Amino acid sequence: MTNETATYRGWKKLPDNRLGHALFSLGMVARVPYFGTVVPSVTRLEPGLCEVTAPKWFGIHNHLGTFHAIAACNLAEVAMGMLSEATVPTTHRWIPKAMNVQYLTKAESGLRAVARLAEIPDFAALTEGQDVVVPVSIYDKKGVEVVRAEITTWVTPK
């Protein structure tokens with residue numbers, strides 16, 4: 001028996017190409033409909049790492065015509081959530097607890113969110129609840145970091 005979540009097993013079964021990424025992302029949005037507001041596309045997923053892109057479209061514009069700050073937060077949460085699904089074993093559960101966000105500059109293009117853990121926790125040693133902070137950097141099409149977030153998740157054994 002594997003300790004991988006069904007989400008991560010599903011990612012690994014699909015081809016690592018645009019079609020596979022699109023199918024996975026559609027399934028993710030079907031399961032978590034609010035994520036669909038940013039039209040996310042998961043492009044990379046492995047324990048401790050997730051990359052997600054989102055296009056700039058009129059539905060996420062703010063009054064300046066740029067990527068809305070809260071839409072960027074939504075994208076950060078997509079990246080954190082999929083990282084957590086690929087990292088936290090089925091013996092444990094996770095839930096977002098807090099988010100600290102810095103808006104560094106205007107986001108005038110589509111975005112790419114990268115959630116990355118410097119070190120994967122030893123879940124076997126985690127016998128009580130513990131905060132796991134997931135850093136997320138969001139970049140514009142030029143590679144400029146436009147948003148930086150730290151999302152605290154609460155991880156507990158089941």
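The values are calculated or read from the model by the stated rules, or taken from the named source; none is laboratory data. Everything quoted here is computed from the prediction, not taken from an experiment. Methodologically, a virtual Cβ is constructed for each residue, glycine included, from the backbone with ideal geometry; neighbour enumeration extends over all protein chains shown. Protein only, heavy atoms only, side chains kept; ligands, DNA and RNA dropped before computing areas. Shrake-Rupley method; radii C 1.70, N 1.55, O 1.52, S 1.80 Å.
What to note about this one:
- Looking across segment 115-124, just one residue is open to solvent by 80 Å² or more (accessible area, probe 1.4 Å) and within 13 Å of the chain's Cα centre (by Cα), and that is Arg116.
- The combined condition, being within 21 Å of Gly143 (Cβ to Cβ) and hydrophobic (A, V, I, L, M, F, W, C), is not fulfilled by Leu26.
- Among the residues making up segment 125-158, those that are farther than 19 Å from Pro55 by Cα, open to solvent by 30 Å² or more (accessible area, probe 1.4 Å) and touching a strand residue (DSSP E or B) at 6+ places or on another chain (Cβ under 9 Å) are Thr127, Glu128, Gly129, Gln130, Asp131, Val133, Pro135, Glu150, Trp154, Pro157, Lys158.
- Conditions (1) farther than 30 Å from Pro157 by Cα; (2) of a type outside the set (Gly, Ala, Ser); (3) at pLDDT 95 or above: number failed by Pro47: (1)
Yes/no matrix, rows are residues, columns are (1) of a type in the set (A, V, I, L, M, F, W, C); (2) touching a residue at least 60 places away in the same chain (Cβ under 8 Å); (3) touching a Cys at 6+ places or on another chain (Cβ under 6 Å):
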residue	(1), (2), (3)
Ala22	yes, no, no
Arg31	no, no, no
Tyr34	no, no, no
Val38	yes, no, no
Ala72	yes, yes, no
Ala76	yes, yes, no
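- Condition check for Leu111: without any contact (Cβ under 8 Å) to a residue 60 or more places away in the chain and either of a type in the set (Gly, Ala, Ser) or within 19 Å of Val32 (Cβ to Cβ) (or both): yes
- Test for Phe67: is it touching a residue at least 60 places away in the same chain (Cβ under 8 Å) and aromatic (Phe, Trp, Tyr): yes
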